[in-house]
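Step one of this worksheet: look at the structure below.
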Amino acid sequence: MIPLQPPRRLIDVEIDGEDVRVPEGSTILDACHAAGKDVPTLCYGDTLTPKNACRVCVVEVEGARTLAPSCSRKAEQGMKVGTDTERARQSRKVVLELLGSSVDLSTTPRAAEWAEEYGADPARFGDDAATVEQPAKVDNDLYVRDYNKCILCYKCVDACGDQWQNSFAIAVAGRGFDATISTEFDAPLTDSACVYCGNCVEVCPTGALSFKSEFDMRAEGTWDESRQTETTTICSYCGVGCNLTLHVQDNKIVKVTSPHDNPVTKGNLCVKGRFGYGYV
Amino acid sequence: MDIRFRGAEPSEEERAAVDALLGPPATAWDGGSRSEADLRAAARAESQRDLLLPALHAVNDRVGWISEGALDYICRRLTVPPAEAYGVATFYSLFSMKPRPKRVLHVCTDLACQAKGAQDVRRRVEERFGPAGTDWHESPCLGLCERAPAALALEAGQPHRAEVYAPATPDTITTVTEVAPSSNGHAPSVNVAGETPVKDAVPQAGNPDLVLLRRAGVVDPASLDDYRASGGYTALRRAFELGPAGVIREVLESGLVGRGGAAFPTGRKWDATARQPDHPHYLVCNADESEPGTFKDRVVMEGDPYALVEAMTIAAYATGCAKGYLYIRGEYPRATARLQHAIATARARGLLGDDILGKGLSFDIELRRGAGAYICGEETAIFNSIEGQRGEPRSKPPFPVEKGLFGKPTVVNNVETLVNVLPILERGAQAYAAAEPKLFCVSGAVERPGVYELPFGATLRELLELSGTTGTTRAVLLGGAAGAFVTDLDIPLTFEGTRNAGATLGSGVVLVIDDTVDMKRLLLRIAEFFRDESCGQCVPCRVGTVRQEEALHRLSRRVDPANSRRSDDDDLVLLREVGQTMRDASICGLGQTAWNAVESAIDRLGVFR
């Protein structure tokens with residue numbers, strides 16, 4: 001039996017001059033989606049509380065002094081939102097440039113497409129612009145932390161911490177441009193509280209966290225998503241029945257994800273479901 | 001929660017420092033040695049995360065740095081995951097996670113000090129002690145601008161000690177890293193003898209027309225009797241006559257707006273909090289005064305600490321708070337000591353605690369020391385800091401009056417704002433509004449630097465006539481690093497007047513720049529300040545402040561534009577675009593204002609023309 005949810009009123013919001021009705025409590029991003037708008041997002045995660053740190057989803061709300069992060073700002077009755085105004089586009093452009101000049105976005109889905117759409121040119125900050133470049137941390141056989149690609153979206157910290165896994169193996173350490181995702185005293189993952197559920201890998205938007213198999217294949221140049229098939233099945237380890245999506249290339253499983261719309265797991269798995277596919 | 005420890009053990013000294021704060025551990029479950037009984041019982045872990053910052057201070061104060069063993073022990077005692085505690089400890093610049101000497105010198109290189117020759121002090125210290133990083137650090141503004149250039153020596157031990165060197169001449173600096181012989185007291189020891197009296201920071205001291213500063217430098221700040229003899233606690237008695245709603249009505253009618261920089265109506269904030277059905281309500285006094293060039297709150301706290309205690313009591317009474325946090329910046333040893341003493345004596349005399357003055361009001365103040373992070377003065381970052389989280393600002397809405405400290409309705413007011421409540425109640429809202437006082441921190445090229453009190457509406461020229469200027473005034477930085485340079489001295493010093501002039505009153509900074517100051521270097525220092533103090537949470541500020549500094553470096557280094565691949569114009573366009581994006585898209589005020597002063601220097605002073 002599905003419990004009856006309390007009734008939700010609908011509110012009217014104007015998105016780029018177009019009226020949409022969304023349930024009370026929706027975010028501006030929900031309203032944008034309802035109006036069929038494509039707003040870029042990076043730190044927004046469909047299974048996590050929005051952190052609104054990346055600021056690529058900013059929109060112009062009439063009457064507001066600053067731009068609003070659409071992923072976390074709640075829509076209000078009568079709100080007039082511009083998703084494609086000059087000011088919002090300019091901010092997105094510069095934010096994409098700031099990111100592109102400091103972080104390796106080569107494995108970030110849609111980054112190149114947005115850079116083109118907004119006319120972002122990260123190279124204009126010069127060759128000596130500071131970056132977060134550092135060697136990838138390969139300290140276990142399951143997944144790799146390549147913080148050269150990290151945009152500090154906090155998603156992995158939230159997934160590891162109180163939002164999903166409750167392991168608290170990683171946190172943001174340091175401050176400002178020197179802030180990084182780190183275990184305590186920057187210890188190797190194998191010494192930390194990590195339980196290798198891989199839920200951080202699942203939510204990482206840039207490929208800073210990736211399966212060791214994917215990392216190695218990319219290094220060899222054999223990673224090719226066009227040759228991969230995805231098959232969603234049920235994990236065979238225990239009785240919970242988590243959904244697994246097996247990514248197969250050349251008849252070999254190369255990584256495992258989990259559908260985010262599964263009402264039980266919401267994309268989360270344990271170490272066995274995520275990494276224990278060697279027997280297949 | 002899945003907490004795993006790596007097995008690092010604390011030293012006896014580290015353990016003692018933490019136990020002195022928290023008391024000895026009760027069982028093996030919270031860090032004690034394991035007994036037979038512990039093996040047969042499980043204790044529920046109660047997180048005491050809000051004690052994380054005090055616990056880190058305890059170790060850092062006693063030992064000088066925080067080892068992995070000490071952090072581990074703190075985490076066991078407070079039930080905090082070690083990775084998160086590490087993230088918090090590395091956020092604050094006064095904590096060190098690497099071994100370092102017991103005595104460390106912080107040399108201020110910020111705006112007012114730089115205008116007064118901090119470069120020479122810095123060079124001398126570097127010659128004597130080698131590069132910055134271990135024995136000494138370059139420090140953001142120490143809030144000692146009236147005595148610039150300034151330095152602060154912090155010495156770990158029991159008690160930990162603090163010594164102020166201001167003005168610091170290259171000669172006074174030579175002996176300061178010698179560790180003093182240890183004493184065995186328990187309170188933090190402050191070398192008050194070496195500090196100039198508060199009176200010196202208040203050039204108008206003794207003037208009978210003063211309102212907010214009437215006691216500063218005149219009464220003994222350690223004497224509650226002196227405070228009461230000079231009119232102290234009449235405002236609280238008046239508050240009891242008016243009742244909570246009456247107090248809020250007076251504050252609303254007075255038109256008082258916040259003095260921390262944002263100028264939000266205080267009465268509306270109090271009213272909104274008082275009306276919240278959710279309980280408890282909290283009061284937070286923001287004494288994390290870290291804006292470069294600002295030192296008014298320090299002078300008020302050092303010269304008239306009971307006024308703040310009384311004002312907080314009134315605010316708590318009006319808004320229904322049983323607990324108040326006084327969050328003071330870690331670089332203010334004398335103000336901290338004065339307030340600790342004031343809170344303790346007020347409590348002993350029944351002016352804090354249960355049943356204040358027999359009126360059934362229950363209120364107490366907990367003093368929390370910051371640990372070197374400008375951002376913690378932001379009204380929501382302060383909550384995270386008190387709660388034992390990284391001092392990152394929260395996105396608003398929800399606003400603090402609805403969900404603030406510990407997720408509860410919270411009033412957060414700056415020191416100067418709170419102290420204004422006393423004359424409002426003593427004189428009545430009408431009389432107060434007729435001559436509303438404002439504090440200004442005057443420093444730089446002036447004859448008598450210090451905190452000045454003037455009624456709103458006085459012009460910048462009138463203020464500078466009081467302080468006197470030296471040299472040829474080139475510009476005035478109004479509002480600090482987040483403010484703007486102005487050249488028009490006839491600007492009325494009101495919120496509207498400065499706004500019309502494209503500036504801001506901000507935190508009341510009036511830094512006078514004469515023509516001997518290297519403007520390019522000053523702008524670089526401003527950019528460096530924001531780069532250092534950005535919390536790193538949002539992209540426009542985290543990367544934008546770095547790009548701003550890089551562009552300013554290029555612009556000030558460039559000697560031959562023809563030889564450069566980039567032109568000045570490219571960098572100016574880049575600065576403008578990045579600046580506008582920081583202003584539009586940053587989460588909090590730090591990123592939103594990081595471009596203000598640089599922009600005004602480029603546009604109004606033509607620094608790179």
Next item on the list: Starting from the amide H of A:K137, placed 1.01 Å from N in the peptide plane, find each other amide H under 5 Å away whose residue is 5 or more places distant or on another chain.
Entry: A:R145, A:D146, A:Y147
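What total accessible surface area, summed over both chains, is buried at the interface between chains B and A, computed with a 1.4 Å probe and given in Å² to the nearest 100?
About 4400 Å² of accessible surface is lost on pairing.
Which of the helices in chain A meet the span-like rule: DSSP H, Cα axial reach of 27 Å or more, Kyte-Doolittle mean at least 1.0?
The qualifying helices: there are none.
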Next item on the list: Report the label-to-label distance for A:H260 and B:A222 in nanometres (one decimal), using points 7 Å from each Cα along the Cα→Cβ vector.
Entry: 6.2
Next item on the list: Please sort B:373-384, B:130-141, B:50-61 by packing, taking for each peptide the average over its residues of neighbouring beta carbons within 10 angstrom, highest first.
Entry: B:373-384, B:50-61, B:130-141
Check: If the range B:269-322 were replaced by its equivalent ellipsoid, with semi-axes equal to the square roots of 5 times the Cα gyration tensor eigenvalues, what would those be, largest first, whole Å?
Finding: 26, 13, 8
Note to self: Per residue, how large is the accessible surface of the range A:36-156? Use a 1.4 angstrom probe and give square angstrom.
What the structure shows: 41
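Give A:K149/A:K212; A:K93/A:K212; A:K37/A:K93; B:K296/B:K408 a once-over and call out the pairs whose C-alpha atoms are over 24 Å from each other.
Over 24 Å apart, Cα to Cα: A:K93/A:K212; B:K296/B:K408.
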Item checked: Shape category assigned to the range A:188-280 from the gyration tensor of Cα positions, a/c cut at 1.5 -> oblate
Note to self: Quick check on the range B:404-486: take the gyration tensor over C-alpha atoms, sort the square-rooted eigenvalues as a ≥ b ≥ c, and tell me if it's rounded (a/c under 1.5), prolate or oblate.
What the structure shows: oblate
Margin query: Which residues belonging to the range A:94-124 lose at least 20 Å² of 1.4 Å-probe accessible area when the assembly is complete, relative to their chain isolated?
Written below: A:V94, A:V95, A:L98, A:L99, A:R124
Checklist line | 14 Å tail of the calculated P(r), the range B:221-288, as % of Cα pairs | finding: 71
Margin query: For chain B, give me every cysteine whose Cβ has no other Cys Cβ within less than 4.7 Å, ordered by residue number.
Written below: B:C75, B:C141, B:C145, B:C285, B:C321, B:C376, B:C441, B:C535, B:C538, B:C541, B:C588
Checklist line | Heavy-atom accessible area ranking, 1.4 Å probe, most first, across B:W29, B:W595 | finding: B:W29, B:W595
Next item on the list: May I ask for the equivalent-ellipsoid semi-axes of the range B:56-184, computed as the square root of five times each C-alpha gyration tensor eigenvalue and listed largest first in whole Å?
Entry: 29, 16, 12
Next item on the list: Among DSSP beta bridges lying fully in the range A:1-89, give the percent that are antiparallel, nearest 5.
Entry: 85
Margin query: For the pair B:T196/A:A112, report the inter-label distance in nm, with labels modelled 7 Å from Cα in the Cβ direction.
Written below: 6.3
Margin query: If you split all Cα-Cα distances of chain A into 10 Å bins from zero, what percentages do you get per bin, shortest first?
Written below: 6, 25, 31, 26, 11, 1, 0
Item checked: Qualifying trypsin sites (Lys or Arg not before Pro) in the range B:1-68, DSSP loop, other Cβ atoms within 10 Å at most 11 -> B:R34, B:R44
Notebook entry, point to check: What's the Cα-based Rg to Rh of the protein assembly as shown, Rh via Kirkwood?
Noted result: 0.97
Checklist line | Estimated Rh, the range B:282-416: Kirkwood, alpha-carbon pairs, angstrom | finding: 14.9
Next item on the list: Order these peptides, B:106-115, A:48-57, B:391-400, A:260-269, by their mean beta-carbon neighbour count within 10 angstrom, highest first.
Entry: B:106-115, A:48-57, B:391-400, A:260-269
Next item on the list: Just subtract the alpha-carbon distance of B:D490 and B:H279 from 0.36 nm times their residue separation and send over the number in nm, one decimal.
Entry: 71.2 nm
Notebook entry, point to check: Just from its helices, what would the mean residue ellipticity at 222 nm be for the protein assembly as shown, if runs of 4 or more DSSP H residues each count -39500 (n - 2.57) and the sum is divided by every residue, rounded to the nearest 500 deg cm²/dmol?
Noted result: -10000 deg cm²/dmol
Check: How large is the accessible surface per residue of chain B, computed with a 1.4 Å probe and reported in Å² as a whole number?
Finding: 36
Next item on the list: Calculate the mean, over all residues of peptide B:568-581, of how many other protein chain Cβ atoms lie within 10 angstrom of the residue's Cβ.
Entry: 3
Notebook entry, point to check: Which residues' amide hydrogens lie under 5 Å from the amide hydrogen of B:S139, considering only partners 5 or more residues apart or on another chain, with H built in the peptide plane?
Noted result: B:V107, B:C108, B:T109
Check: How many angstrom lie between the C-alpha centres of the range A:49-91 and the range B:400-476?
Finding: 34
Margin query: Need one number: nm distance between label points at B:D120 and B:F406, each 7 Å from Cα along Cα→Cβ, rounded to one decimal.
Written below: 5.2
Item checked: Estimated FRET transfer efficiency when R0 is 41 angstrom, pair A:N148-B:L454 (beta carbons, to 0.05) -> 0.15
Checklist line | Share of carbon and sulfur in the accessible heavy-atom surface of the protein assembly as shown [1.4 Å probe, %] | finding: 49
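For B:D569 and B:H553 in the same chain, what is the full-extension length gain: residue separation times 0.36 nm, less their Cα-Cα distance, in nm?
4.3 nm
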Notebook entry, point to check: Can you pull the mean other chain C-beta count within 10 Å for peptide B:524-532?
Noted result: 1
Notebook entry, point to check: What Kirkwood hydrodynamic radius do you get for chain B when you take the inverse of the mean 1/r over all pairs of distinct Cα atoms, in Å?
Noted result: 25.1
Checklist line | Cut-off under 5 Å, modelled amide H: who pairs with A:T85 long-range | finding: A:E60
Item checked: Packing rank of B:307-315, B:457-465, A:217-225, where each peptide gets the mean count of other beta carbons within 10 Å, highest leading -> B:307-315, B:457-465, A:217-225
Item checked: Three-way shape call for the range B:449-497 based on the alpha-carbon gyration tensor, with the a/c threshold at 1.5 -> rounded
Next item on the list: For the range B:70-115, list whatever residues lose no less than 50 Å² of accessible surface once every protein chain is in place, relative to that chain by itself, with the probe at 1.4 Å.
Entry: B:A83, B:E84, B:Y86
Notebook entry, point to check: Taking the DSSP beta bridges in the protein assembly as shown as the whole, what percent of them are antiparallel, to the nearest 5?
Noted result: 65
Note to self: Less than 20 Å from a label point 7 Å out along the Cα-to-Cβ axis of A:T49: which backbone N atoms in the range B:54-87 qualify, by residue?
What the structure shows: B:79-87
Checklist line | Inter-centroid distance (Cα atoms) of the range B:509-530 relative to the range B:244-284, Å | finding: 36
Next item on the list: Please name the residues of the range B:1-30 whose accessible area, counted over protein heavy atoms with a 1.4 angstrom probe, falls by no less than 30 Å² between the chain alone and the full protein assembly.
Entry: B:M1, B:D2, B:R4, B:R6
Checklist line | Rh by Kirkwood over Cα pairs, then Stokes-Einstein D for the range B:427-535 at 0.890 mPa s and 25 °C, µm²/s | finding: 168
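The values are calculated or read from the model by the stated rules, or taken from the named source; none is laboratory data. This is a predicted model, so every value here is computed, not measured. Cβ: placed from backbone, ideal geometry, glycine included. Neighbour counts: every protein chain shown. Side chains included, ligands, DNA and RNA excluded: accessible areas come from the protein's heavy atoms. Shrake-Rupley method; radii C 1.70, N 1.55, O 1.52, S 1.80 Å.
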